[in-house]
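**Q** Before I ask anything, here is the structure I am working with.
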């Protein structure tokens, strides 16, 4: 059994189970592991400081060396830069970090850069501008506009504004603005092998969400969404492993990519259940075996999440 560390395990119980069934001894880490259902479901749990703390990687390396960890799986956007920079150090300690290179992470963690890089590669994205650009030319996007933090995640700081006067005098962080898109929203889960080949792309319709994470979803095999995944690979040729991106299928503009997350997405359990078992493929790659990654997943599989509980004590 191969020791795997799920970083910032939080509520990722389904991801813990996916790696366990793939043959891993699953370790979880979190700032408060005793209050993390993912950590409680793991075989072992570890306390770590915030990912922005100067000793975060020191603590991760301590866990790696003390437990023979072979694979680290980050799960939140804010820890990706630290892991991308520390990947060689953690590899020397014995653990492969499932993260794209720093150059890729720098793009996806800056949503303005994401839009520019994708547009340059011919991937359809909505027109985007900064707060300063919008205030200087209020009619450049038309109204209403949609605003979000340049470095945001988990639906933090999102807002729709009907006119210039509705913007606050100042925002607490750098913002970007786009036209309001109207249409169904999809997540596409991607698996890129270590050679840089896109092996699988699983779109699912986001039927209902809660706190930015899909609560009800359905896999949907669409050639146009697969083509968007291929475009993202062209735009980010160094990307590796599991990524996911969001698409709004606008009634006028067609499918538009609005965001990329270079990690396992919250809706991954749906793709896994439909046959796209990314966790198994990563474990096979780790063992130096053919991953078996393929695009033969089941269309029309529906996920209906519900609340459950883990009890301790």
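The values are calculated or read from the model by the stated rules, or taken from the named source; none is laboratory data. Not measured: the values here are computed from a predicted model. Cβ coordinates were reconstructed from backbone atoms using ideal geometry, including for glycine residues, and neighbour counts include every protein chain displayed.
**Q** Which condition does residue 220 not pass, out of (1) closer than 17 Å to residue 271 by Cβ; (2) buried (at least 17 other Cβ atoms within 10 Å of the Cβ), if it passes all the others?
**A** Result: residue 220 passes all but (2).
**Q** Could I ask something else about it? Is it the case, given these coordinates, that residue 292 is in the same structural domain as residue 234 (by TED's automatic domain parsing), exposed (fewer than 12 other Cβ atoms within 10 Å of the Cβ) and touching a helix residue (DSSP H, G or I) at 6+ places or on another chain (Cβ under 7 Å)?
**A** yes
**Q** While we're here: Out of the range 1-10, which residues are surrounded by fewer than 18 Cβ atoms within 10 Å (Cβ to Cβ) and touching a helix residue (DSSP H, G or I) at 6+ places or on another chain (Cβ under 7 Å)?
**A** Correct list: 2 only.
**Q** Looking only at the range 120-132, count every residue that is surrounded by 14 or more Cβ atoms within 10 Å (Cβ to Cβ) and either assigned to a loop (DSSP other than H, G, I, E, B) or free of Cβ contacts under 8 Å to residues at least 24 places away in the same chain (or both) and tell me the total.
**A** Adding up the residues that qualify gives 7.
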